[in-house]
């Protein structure tokens, strides 16, 4: 018999669970902040400080090759030899299978830091969700080993909420992402949601406090100068359909590339992961040589590059933007197949770049194209329509509210078309590693 949610919320055990979520929100969010700070420092040190320290004047054009080669080696060895598989496989979307065992956390951290810090085109949200849930459940089990499964699930969810609380710019965005990815709903939604929101709110405060104290910032997704958006017109609603269709086609190509490569990588884990790293590096170098821009625009998640892209849009030709979408999209597919991280931020960056490129055409304003590109690309990759709409609109502040109707149309079109292109799932044999 299903327990009554109101009875559960009124119980003393639920109040203790809320207190536990509040307490766990502090150390989990602090660890998550440290993880993001480490990744950020590693990116800066390996791509800028290290080549200068070795005597180069700036970063050489070929520099991504050894960077991604080392990343592939570290990730391949970690997945091959440490417990677990280095975290969830990002080509298969965000993990909703619950908190990982404590024994798998070192492998998750090492694989994610090597992937994100050395240039793979993935975001930090996947490892943070696993790390937050794993730490929360592990700490709780140390204190009390006989926790019921339902309490373990709630504690794990609260830890994940705390870990991603400030990453997307708002605790509510992180909450929507986790709820939609896990398929939470029905009368039990509030039972799970309240501890998670409490942990996320406290975690967000910890992120802000540590950002001020360390001077490193909060690592939250943010845009500083969003152009004014006029009220949508009929032409832009037509563009919403076009952008939704285009994003679904692009995202389907990236997903299929990743899923095609993934079993081949798993058969020769270490060697193939190194090869995928070199492919990502080659695409970054090709973009840099073709446009005169930095190779780092193709590398990494794109989280911190979205604001400079929007602010410096006048310095990009349409051809450069199209090449950026193509190179980052292919690098994204290769990274999904072999490395460890999350799929959210690269999809947002690719959609943003594509929207800016299309805004050069008649009838489409810059802000509308930017927002619709983000929403349509996100939903086609993640299959989370509510999260996609909120990410694309709340990110733009008051201007996002103006273009929200356009974003909704683009997201719906992209979602429906992407699902139509998704093949029916069939059972496939598990690949056996050979090295």
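Check the range 101-120 and report whether any residue there is surrounded by 19 or more Cβ atoms within 10 Å (Cβ to Cβ), touching a strand residue (DSSP E or B) at 6+ places or on another chain (Cβ under 8 Å) and not in a helix (DSSP H, G or I). Looking for residues that are surrounded by 19 or more Cβ atoms within 10 Å (Cβ to Cβ), touching a strand residue (DSSP E or B) at 6+ places or on another chain (Cβ under 8 Å) and not in a helix (DSSP H, G or I), one finds none in the range 101-120, hence no.
Would you be able to tell me the number of residues in the range 221-240 that are over 18 Å from the mean Cα position of the chain (by Cα) and either buried (at least 17 other Cβ atoms within 10 Å of the Cβ) or assigned to a loop (DSSP other than H, G, I, E, B) (or both)? First the steps, then the outcome.
First, pick out the residues of the range 221-240 that are over 18 Å from the mean Cα position of the chain (by Cα): 224-240.
Next cut, either buried (at least 17 other Cβ atoms within 10 Å of the Cβ) or assigned to a loop (DSSP other than H, G, I, E, B) (or both) only: 224-233, 236, 239-240.
Residues in the range 221-240 being over 18 Å from the mean Cα position of the chain (by Cα) and either buried (at least 17 other Cβ atoms within 10 Å of the Cβ) or assigned to a loop (DSSP other than H, G, I, E, B) (or both): 13 in total.
Do we have residue 264 as surrounded by fewer than 20 Cβ atoms within 10 Å (Cβ to Cβ) and within 30 Å of residue 416 (Cα to Cα) here? Spell out how you get there, then give the answer.
On the way: surrounded by fewer than 20 Cβ atoms within 10 Å (Cβ to Cβ): yes; within 30 Å of residue 416 (Cα to Cα): yes.
Considered against the rule, which asks whether it is surrounded by fewer than 20 Cβ atoms within 10 Å (Cβ to Cβ) and within 30 Å of residue 416 (Cα to Cα), residue 264 comes out as yes.
Would you check if there is a residue in the range 203-220 being assigned to a helix (DSSP H, G or I), at pLDDT below 85, closer than 28 Å to residue 373 by Cα and in the same structural domain as residue 98 (by TED's automatic domain parsing)? No: zero hits.
Take residue 357 and tell me if it is at pLDDT 95 or above and either more than 18 Å from the chain's Cα centre (by Cα) or surrounded by fewer than 24 Cβ atoms within 10 Å (Cβ to Cβ) (or both). Taking the combined requirement at face value, the residue satisfies it.
The values are calculated or read from the model by the stated rules, or taken from the named source; none is laboratory data. Given the structure is predicted, the values throughout are model-derived calculations rather than measurements. As a convention, Cβ positions derive from the backbone with ideal geometry for all residues, glycine included, and neighbour counts pool all protein chains shown.
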